[in-house]
Amino acid sequence: MRYLPLSDADRAAMLATIGAASIDDLFADVPDAARLPGPIAGLPLHTGEMAVERALMAMAARNTTASTAPFFVGCGAYKHHVPATVDMVIQRGEFLTAYTPYQPEIAQGTLQVLFEFQTQVARLTGMEVANASMYDGSTAMTEAVFMARRITRRARCLVSAGVHPHYTSVLKTLTRFTGDVVVAATPTLAPGAPGHDLDALIAAIDADTSCVVVQNPNLFGHVADLSPLADACHTAGALLIVVVTEIVSLGAIASPGEMGADIVVGEGQSLGAGLLFGGPYLGLFACREKHVRQMPGRLCGETVDAAGKRGFVLTLSTREQHIRREKATSNICTNSGLIALAFSVHLTLLGETGLRHLAALNHARAVQLADRLGRVPGATLLNGPFFNEFTLDLGREARPVVRRLAERGVLGGVSLGRLWPGERTLASAMIVAVTETATDEDFDAFEDALDAVMEGVNA
Amino acid sequence: MTMNTVGRETRLDIALVPGTGAVAATFTGNRALMLEEPLLFERGAADGSGVDLPPVPPVPGRLGGLARAAPIGLPGLSEPETVRHYTRLSRQNYAIDLGIFPLGSCTMKHNPRLNEKMARLPGFADIHPLQPQSTVQGALALIDRLADWLMKLTGMPAVAMSPKAGAHGELCGMLAIRAALDARGDARRVVLVPESAHGTNPATAAFCGFTVENIPANARGRVDLDAMLARLGPDVAAVMITNPNTCGLFEPDLITISAAVHAAGGYVYCDGANFNAIVGRVRPGDLGVDAMHINLHKTFSTPHGGGGPGSGPVVLSAALAPFAPIPFVRQTAAGTLELVEEDTAGAHAPDSFGRMVAFHGQMGMFVRALAYMMSHGADGLARVAEDAVLNANYVLASLKDIYTAPFANSGPCMHEALFSDDFLEGTGLTTLDLAKALIDEGFHPMTMYFPLVVHGAMLLEPTETESKANLDQLIGAMRHVATQMLANPDAWRQSPHLAPRRRLDETLAARRPVLGWKASAAA
């Protein structure tokens, strides 16, 4: 078998060295009740690459890919063009098959990448320090709430209605037994500011509040100035946690750091990762330097070696599970190393100029499409300001519209009914994302299809 | 270092060590193929870029006056400079592709390239998790197929696919246990954990509102059965056990322990990090396990990527299956596949403890793991376990006369061999010194100082993808280094000497953390 280098002669020689008669002898501790007579039933036997390829390619062919249809699906994962260089870099064996850099002398490649990544994320978010990444945006957000509780010693967490409902759901699940009290509201489709609830949040802050969590741009695409909320939090001794699910937005919009955030978490998927049907993605986590010892996740720091040369190491490990065990800041072990590398390479290729250009392009194209679709009979654009994502009120249940658009070959957006099932007030909304990858032909196809579907529903 | 000013002429551009002719220092700081590489922030420029984008249409902005005005501080590089920057950095990394990576508990096996090719098929890579489900039936079929493999390999009736890594999977299993207890109104909160357990175990238990108590090991390195049985009671919610355990030994009493835990009303969580030792030969379901996370990046060959991403699906017993998180894939009456998410949870997963992560799980790792499983098949996977165990026992047998092997007389080890630093006593040298010496020999060292139950632990897991020749080379080097250390300790305190960096000052890094580049701090 192609992945097993041992020959039968090798095995015999090794058994002789060990002093065992057969490999079965090495499994002597397995109780009789757990011994199997042969290969596990119900599973195929080994096969070559060709057969595996054939089977998996057949499965892959049953999916409609984002590049083969006009594509406008967002809500926390975005289709951006990833330069060819990125995938070539992450496929280098020295990056792909390396481990966590616990022996830093022979892992300076990984460590320097993490140091650069941390610097990039801190600057992008307008914060002072960032960690070496987490699983994804949703778990990063949960970790931020835990961190806020450790810092403030309070338990009440207010979550904006504009936060991605998957993220809020994850937070609720993971805080059920930790003593955190999560207060989350249902969004409203307020014209000009869908899902925007800053005033309600400010009014709800009290002496028990550890943090307020808000997403910017929010689920509906709305962009807001969070400074008044930051001020209100700080006056009350609470922390402001800002969630960014579309990291490219930070090439166009003022950073959460500038607006007064204490912790910024986000999803880095837009740069370097690709869509990947939901994973592996990239959790981003950044905060103020004064809180660094309460941060979860891995941290890479600068130091010197015995010859005085600059080098990098994982540091402040006493926060982590392998040292603190049940007193750890988090149970997390892995980061999203390879995806962090992809993010860093993509951002290096863009540079600041390229990122701003990319963001401006996304925004301009989204404005163009928003105005066109807002003129389709029956469809109303709800947003005032937005970046590259906006919400249309279709005046009827949106989920069947999305399905019919798909039948016409257009992947038009996400129906709120999928994310907020059971909320009748939201069922008529569809969220549309536009990136640099959509063409004018895609715009035409979407507008025509939406027109036809809306008319068909009317008739 | 002084220049040679007497005798033969020296070239001005290379400094030579007097008397030997060896190159001491170069102008660039490079040493032939060992290339130094500055930070991106020392190389790039704000206006550097390696991407050509279409022009921005002249559309008035609609950002509500929130345009980002101040410079961000992100340098860019052209494509050639970018490729060179990262290629040079990559060459400062040890990797499985270069040599044996015998980290105990990490299962650093070869990462097949077929996995990478399949994961990049656009049909898997270029699909969005929120596309209408009718457009991604092939992706759902893949998840379903992988779930089937995992259930059959483990003999368990259910599996939660969404956890993003091993520790996340542990959290899933323990949350399911907590949900099951809450569902029957049972307030027991104690979780028993062997003292040799991985740190994530007690950390995870604490997050689910449990309190942790340690169970000692016996003289043979296994869980002390009497101590375990004596401690069981109506306050014990669960036992978290690793099998094979972190000393690399099979827990022969696990069936007995599971039966006793169940009789006492508790659940058995199994840490599946060491599944490589038994995959295809033993099913955890036959050992009475209620929940076990599987590290796809260990047993099933998905790449470690310098620290992640992982994937940690959790197989579940019938008792825990109703509490599994959403979303998961099910077959509809019409024969299509659908994700059970928030909107259908009421009908198909009313007792689910909820959602653990946005979207559906690590699809990229699912494709890789399935390609691997299909390649090996049920027979090949059993062979994987056999060769993994054979390799570890070969290393143990070849080193135990020099290296202290605390459990060498307690029967065969499984897929990893455990040594302690007792044999270095009196030399003043430690496990760390030995590990750093192995670096100069061209190896990544074994796991150091884990498990905590043995002094100066060295946990060595070769995996099944190492040839006998590779093992012989490692054994030879380890025998050589140990022998030399015992004979002449003083010469071995400063390793490594030949790596891209000498020993790094980790104390300084923690005392004065510098976690990002600052312009004013440039040397």
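Tally up the residues in the stretch A:4-52 that are closer than 30 Å to B:S134 by Cα, at the interface with chain B (Cβ under 7 Å from one of its Cβ atoms) and assigned to a helix (DSSP H, G or I), please. Number satisfying all stated conditions: 2. Checking each residue in the stretch B:93-102 for being open to solvent by less than 10 Å² (accessible area, probe 1.4 Å) and facing chain A (nearest Cβ under 7 Å) picks out B:N93, B:A95, B:F101.
Of B:S49, B:S90, all but one fail to be closer than 30 Å to B:V384 by Cα, buried (at least 18 other Cβ atoms within 10 Å of the Cβ) and among the hydroxyl-bearing types (S, T, Y); the exception is B:S90. Test A:A69 against the criterion of being closer than 30 Å to B:T82 by Cβ, touching a residue at least 24 places away in the same chain (Cβ under 8 Å) and either more than 7 Å from chain B (Cβ to nearest Cβ) or in contact with a strand residue (DSSP E or B) (Cβ under 8 Å, 6 or more places away or on another chain) (or both), and give yes or no. Considered against the rule, which asks whether it is closer than 30 Å to B:T82 by Cβ, touching a residue at least 24 places away in the same chain (Cβ under 8 Å) and either more than 7 Å from chain B (Cβ to nearest Cβ) or in contact with a strand residue (DSSP E or B) (Cβ under 8 Å, 6 or more places away or on another chain) (or both), A:A69 comes out as no. Just one residue in the set B:M478, B:M485 is outside any loop (DSSP other than H, G, I, E, B) and in contact with a strand residue (DSSP E or B) (Cβ under 9 Å, 6 or more places away or on another chain); that residue is B:M478. Selection of the stretch A:182-211 for residues being over 24 Å from the mean Cα position of the chain (by Cα) and open to solvent by 40 Å² or more (accessible area, probe 1.4 Å) yields A:T188, A:P191, A:D199, A:A200, A:I202, A:A203, A:D206, A:A207, A:D208. B:Q473: open to solvent by 60 Å² or more (accessible area, probe 1.4 Å), farther than 17 Å from B:N391 by Cβ and part of a helix (DSSP H, G or I), yes or no? For B:Q473, the condition - open to solvent by 60 Å² or more (accessible area, probe 1.4 Å), farther than 17 Å from B:N391 by Cβ and part of a helix (DSSP H, G or I) - is not met. Residues that are farther than 19 Å from A:P217 by Cα, of a type in the set (S, T, Y) and open to solvent by less than 20 Å² (accessible area, probe 1.4 Å) within the stretch A:167-181 comprise A:T173, A:T175, listed in sequence order.
Looking only at residues in the stretch A:77-132 that are part of a strand (DSSP E or B) and surrounded by 24 or more Cβ atoms within 10 Å (Cβ to Cβ), the one that is nearest to the other protein chains (Cβ to nearest Cβ) is A:A107. Of all residues in the stretch A:407-425, those satisfying the criterion of being open to solvent by 20 Å² or more (accessible area, probe 1.4 Å) and farther than 16 Å from A:T186 by Cβ are A:E407, A:R408, A:G409.
I'm trying to understand the selection: among the residues of the stretch B:476-498, which are open to solvent by 40 Å² or more (accessible area, probe 1.4 Å) and either modelled with pLDDT of 95 or more or not charged (D, E, K, R) (or both)? Within the stretch B:476-498, B:R479, B:H480, B:T483, B:Q484, B:L486, B:A487, B:N488, B:A491, B:W492, B:Q494, B:H497, B:L498 qualify. Of the residues making up the stretch B:407-430, those that are open to solvent by 10 Å² or more (accessible area, probe 1.4 Å), assigned to a loop (DSSP other than H, G, I, E, B), closer than 25 Å to B:N214 by Cα and in contact with a Gly (Cβ under 7 Å, 6 or more places away or on another chain) number 2. Restricting to the stretch A:407-459, and then to whatever is without any contact (Cβ under 8 Å) to a residue 40 or more places away in the chain and assigned to a helix (DSSP H, G or I), can you tell me which residue is farthest from the chain's Cα centre (by Cα)? The residue in question is A:D448. Taking the numbered list (1) touching a helix residue (DSSP H, G or I) at 6+ places or on another chain (Cβ under 6 Å); (2) assigned to a helix (DSSP H, G or I) in turn, A:A273 passes all entries but (2). Residues that are modelled with pLDDT of 95 or more and under 22 Å from the mean Cα position of the chain (by Cα) occur at least once in the stretch A:297-316.
Is at least one residue of the stretch B:140-158 at the interface with another protein chain (Cβ under 7 Å from one of its Cβ atoms), farther than 30 Å from A:G413 by Cα and of a type in the set (D, E, K, R)? Give the steps one after another, and end with the answer.
Taking the stretch B:140-158 and keeping what is at the interface with another protein chain (Cβ under 7 Å from one of its Cβ atoms), we get B:141-142, B:149, B:152-153.
Cutting the leftovers down to farther than 30 Å from A:G413 by Cα gives us B:149, B:152-153.
In the following step, the residues that additionally are of a type in the set (D, E, K, R) were identified as B:152.
Yes.
Inside the stretch B:52-69, residues that are facing another protein chain (nearest Cβ under 7 Å) and either of a type outside the set (D, E, K, R) or open to solvent by 80 Å² or more (accessible area, probe 1.4 Å) (or both) make up a count of 10.
Condition check ((1) touching a Lys or Arg at 6+ places or on another chain (Cβ under 6 Å); (2) within 12 Å of chain B (Cβ to nearest Cβ); (3) not small (G, A, S)) across all residues:
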| residue | (1), (2), (3) |
| --- | --- |
| A:L392 | no, no, yes |
| A:G395 | no, no, no |
| A:R399 | no, yes, yes |
| A:R404 | no, yes, yes |
| A:E407 | no, yes, yes |
| A:G413 | no, yes, no |
| A:L416 | no, yes, yes |
| A:A427 | no, yes, no |
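Taking the stretch B:431-458 as the range and being part of a loop (DSSP other than H, G, I, E, B), out of contact with any strand residue (DSSP E or B) (no Cβ under 9 Å at 6 or more places or on another chain) and open to solvent by 30 Å² or more (accessible area, probe 1.4 Å) as the test, the residues that pass are B:E441, B:G442, B:L452. Residues of the stretch A:247-262 that are in contact with a Phe, Trp or Tyr (Cβ under 9 Å, 6 or more places away or on another chain) and open to solvent by 10 Å² or more (accessible area, probe 1.4 Å): A:A252 alone. Residue count for the stretch A:280-299, restricted to those that are open to solvent by 10 Å² or more (accessible area, probe 1.4 Å) and in a strand (DSSP E or B): 0.
In the stretch A:53-76, the qualifying residues are those that are open to solvent by 60 Å² or more (accessible area, probe 1.4 Å) and outside any helix (DSSP H, G or I), and the one that is nearest to B:M118 (Cα to Cα) is A:A61.
Within the stretch B:164-176, none of the residues are farther than 30 Å from A:D136 by Cβ, within 13 Å of another protein chain (Cβ to nearest Cβ) and open to solvent by less than 40 Å² (accessible area, probe 1.4 Å).
Candidates B:D343, B:D351, B:D379: the one that is without any contact (Cβ under 8 Å) to a residue 40 or more places away in the chain, acidic (D, E) and open to solvent by 10 Å² or more (accessible area, probe 1.4 Å) is B:D343.
Close contacts from the stretch B:184-211, counting a first residue that is at positive phi and a second that is open to solvent by 10 Å² or more (accessible area, probe 1.4 Å) and not aliphatic (A, V, I, L, M), with Cβ to Cβ under 9 Å and a gap of 6+ residues or different chains, come to B:G209/A:R176; B:G209/A:F177; B:G209/A:T178; B:G209/A:G179; B:G209/B:R178; B:G209/B:R189.
No other residue among A:E397, A:E389, A:E455, A:E447 is surrounded by fewer than 21 Cβ atoms within 10 Å (Cβ to Cβ) and within 24 Å of B:G61 (Cβ to Cβ) apart from A:E447.
The values are calculated or read from the model by the stated rules, or taken from the named source; none is laboratory data. These numbers come from a predicted model, not from an experiment. Virtual Cβ from ideal backbone geometry, glycine too; neighbours counted across all protein chains shown. For accessibility, only protein heavy atoms count, side chains too; no ligands or nucleic acids. Shrake-Rupley method; radii C 1.70, N 1.55, O 1.52, S 1.80 Å.
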